[in-house]
1. What do you get for GluC sites (Glu not before Pro) in segment 199-266 restricted to DSSP loop and a cutoff of at most 12 other Cβ within 10 Å of the site's Cβ?
2. With a sphere of radius 14 Å drawn around the Cβ of Gly131, what net charge do the other residues whose Cβ falls strictly inside it have (Lys, Arg +1; Asp, Glu -1)?
3. So what is Rg over Rh here for segment 52-148, counting just Cα atoms and using Kirkwood for Rh?
4. What number, in percent, do you get for the relative contact order of segment 95-169 if the mean sequence gap of Cα pairs under 8 Å and at least 6 apart is divided by its residue count?
5. Hey, got a sec? Which chymotrypsin sites (Phe, Trp or Tyr not before Pro) in segment 201-293 land in a DSSP loop and have at most 16 other Cβ atoms within 10 Å?
6. When the Kirkwood radius is taken over all Cα pairs of segment 146-221, what Stokes-Einstein diffusion coefficient follows at 10 °C and 1.306 mPa s, in µm²/s?
7. Based on the Cβ-Cβ distance from Glu286 to Leu208, what FRET efficiency comes out when R0 is 35 Å, to the nearest 0.05?
8. Relative contact order of segment 165-237: what whole-number percent is it, with Cα pairs under 8 angstrom and at least 6 residues apart?
Amino acid sequence: MRRAFVIVALLTLFALGAKGQESGAIVSAKVPAAESIARHARGDYEFGRYLVGKGLLRDATTLVDHLPAEELYSTPSIDSLRYLKGLVSYHNKQFDTAALAFGSVTQGSPFYAGSSFYSSVCHLLGGDTEGARQRLDLFAQSPEASQHDQLLALHRGGVALLEGDHEEYARQKSLFTYSHPIVAGHQRELESAAAGPPRQPKEWVAGLASAIVPGLGQIYAGQVSEGVATFMAVGAFAALTATSWAKAESPANVRTITYGTIASLLYVSNIFGSVASVRVYYQHFEEINREAVMYSIHIPLRELFD
């Protein structure tokens, strides 16, 4: 009887131990699975960054297109892969897609600051200055904003210039400390872009100058070669008109009328052309200025977040 009791007790203890081992195995299996998913996410992110850095965009695109479903990952892993998707789309010049991917990174993530600034730039490259401003305003309300105050002021000032809001630019410029080793140089570049054109020609001056001397208004507007060509063309037909008149001893002949008409048309068009040259001068400056602003706010991102 005693022997049977001992056998039953031993069997009970063995059964409980086996059950405990089985439960422990299940728990331990879950932990490595989670760690394995996170490890794979880190590997995909690092490999994707490597491909982007090497310019292998087709391979990087294939990688992000075949990533597992997001519900398999933890939030930090999801944010890293969303950031990667944004970078790949950005380098593929798919700016709307990139802005959405960057915009889905959660606040508090290590990728949140970079995604916010890249998202803003993607909006600008897509021609959406309002979207860029709203993205920066949202980031300004986050705890991370204090760590990137100079970059934030640079970007908000650049967006203000692109929108033609010089009052807002002045507010952001007042926050420049020129203390950040990377951002300071771009803040000065932004100042140069905000200073306006080195010359400010007037349309009426250009028109009056061309009325006095054909082509002079275009030279005044900075189009020297066009001004010289206009002067020579008007002068040549004026000379032909005078010569034809002198030879025929009367303006009432076909050749003189033809030359005179061409000379008159060239003279009048030269006046309007000079006025248009001033407008072209400002349009050209605005294009160069926009590129300068985009460069000033764009380049620091690669230096800071890549």
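1. Sites meeting the loop and neighbour criteria: Glu249.
2. -2
3. 0.98
4. Averaging sequence separation for qualifying contacts and normalising by length gives 24 percent for segment 95-169.
5. none
6. 109 µm²/s
7. E(calc), rounded to 0.05, equals 0.90.
8. This gives 15 percent for segment 165-237.
We did not get these values from a lab; they are worked out from the coordinates using the rules stated. Please read these numbers as outputs of a predicted model, since none were measured by experiment. Note that each Cβ is placed from the backbone with ideal geometry, even for glycine, and that neighbours are counted across all protein chains shown.
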